[in-house]
1. Please state the relative contact order of the chain as a whole percent: Cα pairs under 8 Å, 6+ residues apart?
2. Could you calculate the FRET efficiency of Lys242 with Phe155 from 1/(1 + (r/R0)^6), where r is the beta carbon distance between them and R0 is 41 Å, rounded to 0.05?
3. If R0 is 35 Å, what FRET efficiency do you get for Asp82 and Ala198 from their C-beta distance, rounded to 0.05?
4. Taking the highest mean first, how do the peptides 224-233, 38-47 order by number of other beta carbon atoms within 10 angstrom per residue?
5. How high is the FRET efficiency between Glu136 and Glu249 when r is their beta carbon distance and R₀ equals 35 Å, given to the nearest 0.05?
6. Counting Lys and Arg as +1 and Asp and Glu as -1, each charge on the Cβ, what is the dipole of the stretch 26-252 about the Cα centre in debye, to the nearest 20?
7. Note the angle between two axes, namely the Cα long axis of helix 2-22 and the longest principal axis of the Cα atoms of the chain, as a number of degrees from 0 to 90, rounded to the nearest 10.
8. For Leu110 and Ala206 in one chain, what is 0.36 nm times their gap in residues minus the Cα-Cα distance, to one decimal in nm?
Amino acid sequence: MKKIISLLVSLIIISGDVCAAAKEKAVPILLYHNIAVVYNSADDALNVTPERFQEQLSSLKDAGYTIIPFQQYIEYANGNTDVPEKSVVVTFDDGYSSVYYYGFPILMRLEVPATVFVISGLLGFNDTVYPHFTWEQAKEMDNSGYVDIQSHSNFHYNAKEISSSRLILELRKSKYDIETRLNKKCNILAFPYGEYDAQGLSIAKAAGFSCVARTRDWGTNRKSDGLFNLNRIFVHGSWTGKDLIAEIEKNNLM
Ligand SMILES: [Zn+2]
């Protein structure tokens, strides 16, 4: 009888564990780059119109999603807080001026937080098709409470194609400049092109980054995945809000 009872108890414990694992929240991190009124449809994965950006965010909210700050996801992964059942994180890479002129007002209007990974050595650089916002604009956005400026390295080199001493400089200078110019903690790194290896990761950790985001077009994130290999979903400008939600739900099943 004792044996049967202990067997039943262990079965209950095991099934409890299975349920807990199955219930682990899957949090998608959306990745945007540029916001443009018109763009070449071949660059659909890197562009979104202001109207479409607003529609995608509004649709998420209407469908019961909560757009949480990236830092809240980190706190959740560290076991310090919880996140709502249907949570989403919004990020931008590169730090284009369009994020300041088009994205920032929309984020404020809809009260949506977003993390912007800047190529810190290119802030204010505008002799290009895709100009970058300035340090003053970065400060204004960061001070608003809606935008969290983080690092996308100093000059956007592929970490796998430069020397380790150059990579150390790329990451440390970027973190230092963001922290001193914006008077804040820079703790998240998005490697350029999402490219890095084990050595790159250890250089990022040694530089003081406590979280690293990849650049992939699939996958969500679970607490048990840790904070050094976070997936992001490339959001396409042609996706309606409904398409975006379908893509998130598809990814949540993986
Ligand atoms: Zn980039």
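The numbers here are math on the coordinates, done by the rules we state, and not lab data. Please read all numbers here as calculations on a predicted model, not as lab measurements. When we count neighbours, we look across all protein chains shown, and the Cβ atoms used for this are built from the backbone with ideal geometry, even at glycine.
1. Values: 462 pairs, mean separation 57.6, N = 254.
Reported as a whole number, the value is 23 percent.
2. 0.60
3. Efficiency, from the Cβ-Cβ distance: 0.65.
4. Values: 224-233: 17.8, 38-47: 13.6.
The packing order, highest mean first, is 224-233, 38-47.
5. Plugging the Cβ-Cβ distance into 1/(1 + (r/R0)^6) gives 0.30.
6. Approximately 560 debye in magnitude.
7. Around 20 degrees separate the two axes.
8. Difference between extended and current length: 30.9 nm.
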